[in-house]
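Notes follow once the structure below has been shown.
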Amino acid sequence: MKILLIDDDVFLRDMYTLKFQEAGDDITAVATATEAMQSLADNSYDIVITDMVIPGMSGLELLEHLQQDNTTEDVVKIVLSNQSEPKDKELATAAGANGYIVKADKMPSEVVEEVHTIASK
């Protein structure tokens with residue numbers, strides 16, 4: 001699968017990039033919403049994974065933007081965040097997220113598995 005990951009934490013971005021590559025995915029990782037928007041304009045992806053807190057705009061704002069963009073309507077959108085309040089999950093779902101994964105609840109390999117599970121639904 002072709003994946004775009006948006007996370008401003010370089011350690012986490014590199015770790016998840018490695019884990020998804022090991023699983024056979026083609027992953028592009030960026031740090032900001034601006035970079036994500038440019039990458040989405042230049043490439044097509046099967047999955048977009050975003051943190052809730054990213055530079056440029058929030059993960060929610062990015063999801064809302066993607067929800068209005070006809071070119072990304074078939075893209076699976078997943079939030080990967082440490083924000084774990086039920087309200088965060090509700091807002092993400094309302095903004096178009098297909099899934100919500102709490103980083104602290106999963107090992108990196110489990111995150112990869114859950115992303116694949118969400119994408120296959």
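Just need a number here: residues in the stretch 15-38 that are surrounded by fewer than 19 Cβ atoms within 10 Å (Cβ to Cβ), of a type in the set (Gly, Ala, Ser) and out of contact with any Lys or Arg (no Cβ under 8 Å at 6 or more places or on another chain).
Selection size over the stretch 15-38: 2.
Tell me which residues, restricted to the stretch 96-121, are in a loop (DSSP other than H, G, I, E, B), within 15 Å of Asp51 (Cβ to Cβ) and in contact with a strand residue (DSSP E or B) (Cβ under 7 Å, 6 or more places away or on another chain).
Let us first name the residues in the stretch 96-121 that are in a loop (DSSP other than H, G, I, E, B), namely 96-98, 106-107, 120-121.
When the remaining residues are screened for being within 15 Å of Asp51 (Cβ to Cβ), the result is 97, 106.
The answer is Ala97, and nothing else.
All but one of (1) surrounded by fewer than 17 Cβ atoms within 10 Å (Cβ to Cβ); (2) closer than 17 Å to Arg13 by Cα hold for Ala41; which doesn't?
Failing condition for Ala41: (2).
Please verify whether Asn82 is in contact with a Lys or Arg (Cβ under 6 Å, 6 or more places away or on another chain) and surrounded by fewer than 18 Cβ atoms within 10 Å (Cβ to Cβ), treating the condition exactly as stated. Explain how you work it out, then say what you get.
Values: in contact with a Lys or Arg (Cβ under 6 Å, 6 or more places away or on another chain): yes; surrounded by fewer than 18 Cβ atoms within 10 Å (Cβ to Cβ): yes.
Criteria met by Asn82.
Name the strands (runs of 3 or more DSSP E) wholly within the stretch 1-80 that hold at least 1 residues that are more than 16 Å from Gly99 (Cα to Cα)?
Details: elements: 2-6, 26-30, 47-50.
The qualifying strands (runs of 3 or more DSSP E) are 2-6, 26-30.
Bear in mind these aren't lab numbers, they're just calculated from the coordinates by the rules spelled out. Everything numeric here is computed off the predicted structure, so don't read it as measured data. Note that we place each Cβ from the backbone using ideal geometry, even for glycine, and neighbour counts take in every protein chain shown.
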